[in-house]
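Asks: Handing you this structure, nothing more for now.
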Amino acid sequence: MARSLQPFDATAGTCVEAVLSALECVLRERLGHDGPIALHEPSFDGNEHSYVLDCLDSGWVSTAGPYVERFEREMERRCAGAHAIAVVNGTCALHVLLHALGVGPGDVVVCPAISFVATANAVAHAGAQPVFLDVEPQSLGLCPDALADFLEKDCRPEGNRLVHKETGARIAGVVAVHIFGSPAAMDRLAALCVRHGLDLIEDAAEALGSVHHGQPCGTLARAATFSFNGNKTVTSGGGGMVVTTDRELATRLKHLTTTARVSAGWEFDHDEVGFNYRLPNLNAALGLAQVEGLDERIRRKRHLHQLYAEALDGIAGVSLLHEPPGTRSNYWLNALLFEKLADRDAMLELGNARGFQCRPCWRLLPQLNMYRNAPMAARGVPEAVRLGPRIVNIPSSPQLLTAKALGEMP
């Protein structure tokens, strides 16, 4: 028997009890889901089966085949005509992009203190060192004020390059990350990078379909990277993409990611150390079908966010993170910010015990063992330290929207 939708009393019990009651209202009573509810699951309700079966029937399952190019062309369409290069995952996309931009040993690359470890790992794979800066509270992305302060006070010009005073290393670029799908403050970050002659790289792994002041994420810098891991809004099982407005850079990236092979008739010849980062046709077929359904997925995810916002309104001690003004988030993961660490911990324990898969935000990058000795801005990362440990992600799959809920959508 369906349970009636009862309003919860936000003043009764603890903050966490009120939040759990809100999740019960949305996910179980309103949307009718019983049993465990995952944080984010893939959904296959388009051409996924027919495209993948076509690969199997044709035998084109590896790193050659028509779906790779079709996937790239569809991503180019989504990214306002920029050039797209498909690769095996998002980490490799960021690594090869850094390599192609000349990042290497003796360099440092600016990264936000809050991000998935792949952002910093890609810098390390390129032989450089990350330097961690603070985030701003609206998007959790790299803070423009922190970047301006770092470039002007912690760095000095040396010839035609900018050097980090503490380490003497060249500032080789800035990586901006769109956390949980919310666009970072790209306009201000881009202006700072132009002023100081730095490459701005857009880590849009989580933000396919998000928009910043009318412009799609992935088109807000010279080059951007995406991830199509199994938990993303669009998945190709495993996979990634580099997108760039620079035709010459795109040609070089395609060359590097295909083992730097040069045409030599029947012979195998390679003109430099390249990378075997080619995306298999099988994965590209799945990714293409997924991108075709992106708009509907985002529509559902945004409506789920709205339901959460209504249910959580008025609960003291917690807030639901919303898209910054002038942006449109894909709400890849909905995120709660608790005022008290104890409430964050209780939410993780009790939420998972009640069948709502919840997870904390990633550990701050400069707190990870391998990056504890990496440089940071002289003023540290106080906002990241304040915000990161109090975040909890809650179930965000687009298929949580049932037929009844879809009928209520605007």
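The values are calculated or read from the model by the stated rules, or taken from the named source; none is laboratory data. All of these numbers come straight from a predicted model, not from anything done at the bench. A quick note on method: Cβ atoms are made from the backbone with ideal geometry, for glycine too, and the neighbour counts reach across all protein chains shown. Keep in mind that these areas ignore ligands, DNA and RNA; they rest on the heavy atoms of the full protein, side chains included. Shrake-Rupley method; radii C 1.70, N 1.55, O 1.52, S 1.80 Å.
Asks: Please work out how much length the chain gains when fully extended from R299 to E248, using 0.36 nm per residue of separation minus the C-alpha to C-alpha distance, in nm with one decimal.
Replies: 14.8 nm
Asks: Can you give the helix-only mean residue ellipticity at 222 nm for the chain, where every DSSP H stretch with n ≥ 4 adds -39500 (n - 2.57) and the sum goes over all residues, rounded to the nearest 500 deg cm²/dmol?
Replies: -10000 deg cm²/dmol
Asks: Within 10 Å of each candidate Cβ there may be at most 16 other Cβ atoms; applying that plus a DSSP loop requirement, which GluC sites (Glu not before Pro) in the range 183-269 survive?
Replies: Answer in residue order: E267.
Asks: Shifting gears a bit: Mind checking the per residue accessible area of the range 232-386 for me, 1.4 Å probe, whole number of Å²?
Replies: 47
Asks: Please work out the C-alpha center-to-center distance from the range 116-179 to the range 265-322 and express it in whole Å.
Replies: Using only Cα atoms to place each centre, the spacing works out to 25 Å.
Asks: Another question about this same structure. Work through the residues other than A384 whose Cβ is under 13 Å from its Cβ and net out their charges, Lys, Arg +1 and Asp, Glu -1.
Replies: Taking every other residue near A384 into account, the sum is +1.
Asks: Classify the range 56-169: rounded, prolate or oblate, from the alpha-carbon gyration tensor (a ≥ b ≥ c, eigenvalue square roots; a/c under 1.5 rounded; otherwise prolate if a/b is larger than b/c)?
Replies: In terms of gyration-tensor shape, prolate.
Asks: Also: Determine ³J(HN,Hα), in whole Hz, for all residues of the range 85-90 in sequence, where each value follows from phi through the Karplus function 6.51 cos²θ - 1.76 cosθ + 1.60 and θ = phi - 60°; x replaces Gly and Pro.
Replies: Karplus-based 3J(HN,Hα) across the range 85-90 equals 10, 7, 9, 6, 6, x Hz.
Asks: Please find the FRET efficiency linking K165 to V194, where r is the Cβ-Cβ separation and R0 is fixed at 22 Å, and quote it to the nearest 0.05.
Replies: For R0 = 22 Å, the calculated efficiency reads 0.50.
Asks: Now a separate question. Test of understanding: what is the full-extension gain from E29 to L348, defined as 0.36 nm times their sequence separation minus their Cα-Cα distance? Each step should come with its number before you reach the end.
Replies: Numbers: separation 319, 0.36 × 319 = 114.84 nm, distance 2.11 nm.
Contour length minus the Cα-Cα distance gives 112.7 nm.
Asks: Quick one: with all protein chains in place, what share of the accessible area of the chain is carbon or sulfur, to the nearest percent (1.4 Å probe)?
Replies: Within the chain, the accessible surface is 52 percent carbon and sulfur.
Asks: So which lysines pass the test for K301, namely a Cα distance under 18 Å, with those fewer than 8 places away in the same chain ruled out?
Replies: Qualifying lysines at Cα under 18 Å: K232, K404.
Asks: What dipole magnitude, in Debye to the nearest 20, does the range 301-406 give about its Cα centre under +1 on Lys/Arg Cβ and -1 on Asp/Glu Cβ?
Replies: 300
Asks: Can you compute the modelled spin-label distance between V61 and R156, with each label point 7 Å from Cα toward Cβ, in nm?
Replies: About 6.0 nm separates the two model spin labels.
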